[in-house]
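Chemist: One structure, as structure tokens, below. Some questions next.
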Amino acid sequence: MRHPTDGTLRRLLDEPDGVADADRDHIAHCPACQEGLTVARDDAAFAATLLRPDAEVDVDQAWTRFSTRPPAARATVLSRWRSRLRSPVVAIAGAAVLVTGAGAAAAADWLQIFQAERVAPVTAPQAELAKIPELGEFGDLVITDEISFRAAKGLTEAQEAAGLTLPAVAELPRGVSGAPAYYVVGKAGGSFTFSADTTARTAAKAGTTAPPVPPGLDGSRFLLSAGPGLAAVWASDHEIPALAVARITAPSVYSAGVPFTTVRDYLTSLTFIPADVAAQLRGFSGDGTLPLFSAVEEKQTSITDVGGRPATLVKSGSMTAVLWVADGVINAVAGSLTADEVLTVARGLR
């Protein structure tokens, strides 16, 4: 019998009555599926930690737990973190995979080579997405400001801290009630220096050879920034919030002189980048399209619009989200709702 999909594993946690008896029996007796179930359980706990109203982030305690626990298999750890970074939850929280000092870049007269103006899906099988190396496997990534979340006492405090206004929901969907909790997402920051040697070692680990690096790319430095932002979250009795409305300053990338197309063309030429993913990324022309990675087994993505602006609708398990960019800000509406309900809320924001 084939292994149940990752979506089935997650459904066993969120909606156990919706899992067939045959799948349930297979998971109970399959070590590989048990490991996948552990990953799904960790992801659910991660989402709950981010979005529950009483969440308090203790970075020092989290690092102690992480650094002292027994080492796990590399593939399991990478797939777990990739799934988090590419999930709608983190997209709503602020595209955490992009980090860094836009103010410093402007002061240094760097060239802005990217600013997100729209969101578009990049879809591939989960096994293919898991093959994509982390950014640090192409060079030196220095994170100066970790993405952070904190509760705010109210809307006014959240808006002042984020420097953004949060639109009001015209009418709450059925099943959503009460007042929301407000959160502030801090600005993330860091820098990245591309290294031909590091990229060559990454290619060798994958059993291939990296092509020659274009002139000017080796040693080139990039600054990336995202945030700050804020969110209103209506709690539910489940791990996924009933409704969340969020805004965050869209990610930007600055370069000391290497254009976007040089970076894109070289990275997508690497043979250890899955061919279907590389083909989709080649279509990104640096016009401000931010890729939202989506596993075909777990998520359903579609293109739609909000207020006449292009938007991406994402369905993942029991969560539905719609994301769009307007005036340099990523907007998101998400929750344990139907696609129609999410779009109604998004299009009715005022």
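Chemist: For the range 212-285, what does the accessible surface come to per residue with a 1.4 Å probe? Please give it in Å². Can you show the working numbers first?
Modeler: On the way: 2830 Å² over 74 residues.
On a per-residue basis, the range 212-285 sits at 38 Å².
Chemist: Provide the net charge surrounding residue 200, with neighbours chosen by a C-beta distance below 14 Å and charges set as Lys +1, Arg +1, Asp -1, Glu -1. Walk me through the intermediate numbers first.
Modeler: Values: positive: 201, 205; negative: 137, 197, 218.
Neighbour charge sum, excluding residue 200 itself: -1.
Chemist: Now for a separate question. Can you tell me the accessible area per residue over the range 144-183, all protein chains present, probe 1.4 angstrom, in square angstrom?
Modeler: On a per-residue basis, the range 144-183 sits at 64 Å².
Chemist: What are the ³J(HN,Hα) values, in whole Hz, obtained from phi via the Karplus relation 6.51 cos²θ - 1.76 cosθ + 1.60 with θ = phi - 60°, for each residue of the range 241-249 in sequence order, with x given for Gly and Pro?
Modeler: Computed from phi, the couplings for the range 241-249 are x, 5, 7, 9, 10, 9, 9, 8, 4 Hz.
Chemist: Ranked from highest to lowest mean number of other Cβ atoms within 10 Å per residue, what is the order of the peptides 220-233, 261-274?
Modeler: 220-233, 261-274
Chemist: I want to verify the translational diffusion coefficient of the range 144-295 in µm²/s; compute it with Stokes-Einstein, Rh as the Kirkwood radius over Cα pairs, at 37 °C and 0.692 mPa s.
Modeler: Here the translational diffusion coefficient equals 176 µm²/s.
The values are calculated or read from the model by the stated rules, or taken from the named source; none is laboratory data. Model, not experiment: these values are computed from the prediction. Ideal geometry is used to build each Cβ from the backbone, glycine not excepted, and the neighbour counts take in all protein chains shown. Areas reflect the complete protein model, heavy atoms only, side chains present, ligands, DNA and RNA absent. Shrake-Rupley method; radii C 1.70, N 1.55, O 1.52, S 1.80 Å.
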